[in-house]
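Written below as structure tokens is the structure these notes are about.
Readers should treat all values here as calculations from the given coordinates under stated rules, not as data from a laboratory. None of these values were measured; they are calculated from a predicted model. A quick note on method: Cβ atoms are made from the backbone with ideal geometry, for glycine too, and the neighbour counts reach across all protein chains shown.
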Amino acid sequence: MQAMVYRGPCRVRVENKEKPAIEHPNDAIVRVTCAAICGSDLHLYHGLMPDTRVGMTFGHEFVGVVDEVGPSVQNVRPGDRVMVPFNICCGSCYFCARELYSCCHNVNPNASAVGGIYGYSHTCGGYDGGQAEYVRVPFADVGPTAIPDWMEEEDAVLLTDACPTGYQGAEMGSIKEGDVVVVFGAGPVGLFAAKSSWLMGAGRVIVIDHLDYRLEKAREFAHAETINFTQVDDIVLHLKKLTDYLGADVCIDAVGAEADGSFWQVVSNNKLKLQGGSPVALNWAIDSVRKAGTVSVVGAYGPLFSAVKFGDVMNKGLTIRSAQCSVKRHWPRLFQHVKNGVLKPSAIVTHRVPLNEIAEGYHIMASKLDECVKSLVYTSPH
Amino acid sequence: MAYLAQKPPLAPPSNELRSRIPGWGVDLDPKDRPAVPKEQFKPDATGAHWDFPERQPARWPREKSPEHAFLTPVFGTACPPSGISGAIRRYAYRFSEGRTSHWLLLLMADRIDVMESRVGALLKGRPDSRLMETGVLSEFKRHGLRSRLGHHRADVKHQWIDVLLFAAPYLAVTAGALYFATRRTPARRILRDR
Ligand SMILES: NC(=O)c1ccc[n+]([C@@H]2O[C@H](COP(=O)([O-])OP(=O)(O)OC[C@H]3O[C@@H](n4cnc5c(N)ncnc54)[C@H](O)[C@@H]3O)[C@@H](O)[C@H]2O)c1
Ligand SMILES: [Zn+2]
Ligand SMILES: [Zn+2]
């Protein structure tokens, strides 16, 4: 089969790989019809995530058709069209039993600090991902769900990660009616976080980025106010003035490890890879939120240390909430929102690339060329 | 203002927002949100029909964090460790995730893996191509310049560092070669004296 393969920092190519096989009685093999490139993939692509091995296939957002199932699989059958949450989870451990699927303890021998994720380095379990023609899906009775008839494929792909992650980002902010919510990052996750903040009754939603075209998307798709942080002297001070010197009630970090905006953070992290992530947006969030406010972190950071301003967290009495999204617990509610037209996840898709051009797809996403917000990958001509 | 007891009027009234923003407030009740409360004990609702999963057979001594009591019943089988990078990786897994050595060793192995794989690919007749694998050709097809210039992008300001990092190994090799070429080595002196 054809599969995207990592060849080293900023290098990927398509190779002929062996089709994955059933390795456990509850495995399924899924023929991927549509996948996506996530902002998280860029952290791997840039060589920031420890134990990212050459030869690995990335891709944790995908939908497809069940091709084969192991002997103990009961809930899906060959031929079913399924969407697969990015979390690999067993459904029976301490964490899964409490709906914390991203924390599953039975699927990732490489680390106890994170669960299993498709195509997301060996630190997240060493599973090949879905930017390929076929993918092994462990615990087929727990993760995958049949795509409802009324749901469009591109909406389904975005419901496997970006959309629920943004939603959970807002949810972890414990937003109350009338709250001022500041979202750092106008990528897919930030856009969904901003949109979801309104659903939870925010009074103002302000999105920060340095890419004008994404901020335009934030105004149009998420009805948000926007600020390009390169156009103000000091974003923290600017936000304090905007909130009458109180600070925002809730700040959401939807930027993560490769945040820009501070020369030294960028050099030490993005360029020299000496940190587990550049916490520029996180520090801005900590400093812009009001005392006793909440900072919700869905932006991803690596397991190494980062220069986070923790003194301010402590002195301000902040609540920090953070998680890899537990996708499946959000599906019933999000399905309802998509069905009722409250959410249209695929509205943020800007690019569709065939699998054999994936190297260019990654470059476009990573370098933010051509006004790219979200790129889908099609395994067959589209 | 924050200096007084009442919250400043920062937001428009809710009914205005409800009429302007599609879906405003559909999840207004903080208690009625899917992941609230954070932990909800529902062991029978996950689709799992086992107390503990069957164990996937291990085809090689699978690397495992010492913070796990045993090899997890299910695990990924992409890219078994091999070569020098594989040896470093296996060694790194002796350290807990709390130890910086664990992560720094893994990062070092990642870089060595790239070098090993580049040689391996060459020997297998499928050499790596910087041009094709970096996707850099999209710069021409997807408005590389126009995307970057005149848009207040923060990253454009430090892109010269990428050029420097890219050129660094080549510059080092060239400088080294020049140094040795111009240095007065004993062999040269003998040649010249003859
Ligand atoms: N928690 C989860 O489950 C989960 C799931 C998906 C993605 N993520 C993470 O969320 C983050 C965002 O993902 P994405 O797909 O939207 O990525 P993306 O790269 O498309 O978006 C990131 C955005 O942040 C902007 N940005 C950079 N520095 C900034 C700063 N200092 N302030 C404000 N904005 C800044 C960038 O210009 C970009 O638009 C990534 O770190 C990703 O790994 C987490
Ligand atoms: Zn993702
Ligand atoms: Zn589990």
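Rounded to the nearest 20 debye, what is the charge dipole size of the protein assembly as shown about its Cα centre when +1 sits on each Lys and Arg Cβ and -1 on each Asp and Glu Cβ? Display every interim value, and only then the final one.
On the way: 66 positive and 61 negative charges, 414 e Å.
Dipole magnitude for the protein assembly as shown comes out near 2000 debye.
With all pairs of different alpha carbon atoms counted, what Kirkwood hydrodynamic radius in Å does the range A:162-322 show?
Final number for the Kirkwood radius of the range A:162-322 is 15.1 Å.
As a test, work out the antiparallel percent of DSSP beta bridges whose residues both lie in the protein assembly as shown, rounded to the nearest 5.
Working: 30 of 59 bridges.
Around 50 percent of the beta bridges assigned by DSSP in the protein assembly as shown are antiparallel ones.
Computed FRET efficiency, Cβ-Cβ of A:Arg219 and B:Ala177, R0 56 Å: what is it to the nearest 0.05?
The formula returns an efficiency of 0.55 here.
Round to the nearest 0.05 the FRET efficiency obtained for A:Asp233 and A:Phe263 when R0 = 25 Å and r is the Cβ-Cβ distance.
Between A:Asp233 and A:Phe263 the formula returns 0.95.
Under a Cβ-Cβ cut-off of 9 Å, what is the net charge of the residues other than A:Arg204 that fall near it, where Lys and Arg count +1 and Asp and Glu count -1?
-2
Could you run the Debye sum over the Cα atoms of the range B:60-128, one equal point scatterer each and no solvent, and tell me log10 of I(q)/I(0) at q = 0.18, 0.21, 0.28 Å⁻¹, two decimals?
Calculated log10 I(q)/I(0) at the listed q: -0.74, -0.92, -1.25.
Looking only at Cα atoms, what is the convex hull volume of the range A:146-235 per residue, in Å³? Working shown, then result.
Values: hull volume 9.1 nm³, N = 90.
So the per-residue hull volume is 101 Å³.
How much length would be gained if the chain were fully extended between B:Ile112 and B:Ile84, taking 0.36 nm per residue of separation minus their Cα-Cα distance, in nm to one decimal?
On the way: separation 28, 0.36 × 28 = 10.08 nm, distance 0.74 nm.
Value of the extension gain: 9.3 nm.
For the protein assembly as shown, compute the orientation-averaged projected area of the C-alpha convex hull (one quarter of its surface), in nm².
Its average projected convex-hull area is 29.8 nm².
Cross-link list A:Lys339/B:Lys141; A:Lys339/B:Lys31; A:Lys328/B:Lys7; A:Lys273/A:Lys309: which exceed 28 angstrom alpha carbon to alpha carbon?
The pairs that break the limit, which is 28 Å between Cα atoms, are A:Lys339/B:Lys141; A:Lys328/B:Lys7.
Which parts of the range B:1-27 would a label at A:Asp244 reach, counting a residue when its backbone N lies under 16 Å from a point 7 Å out along Cα-to-Cβ?
Output list for this probe position: B:1-14.
What full-extension length gain, to one decimal in nm, is calculated for B:Glu16 and B:Ser129 as 0.36 nm per residue of separation minus the Cα-Cα distance?
35.0 nm
From Cα coordinates alone, what are the radius of gyration and Dmax values for chain B in angstrom?
Looking at chain B, its Cα Rg and Dmax stand at 29.6, 98 Å.
Once you have the alpha carbon radius of gyration of the range A:15-122, what is it after dividing by 2.2 N^0.38 Å, with N set to its residue count? Before the final figure, lay out each step's value.
Values: Rg = 14.5 Å, N = 108, 2.2 N^0.38 = 13.0 Å.
Ratio of Rg to 2.2 N^0.38 Å for the range A:15-122: 1.11.
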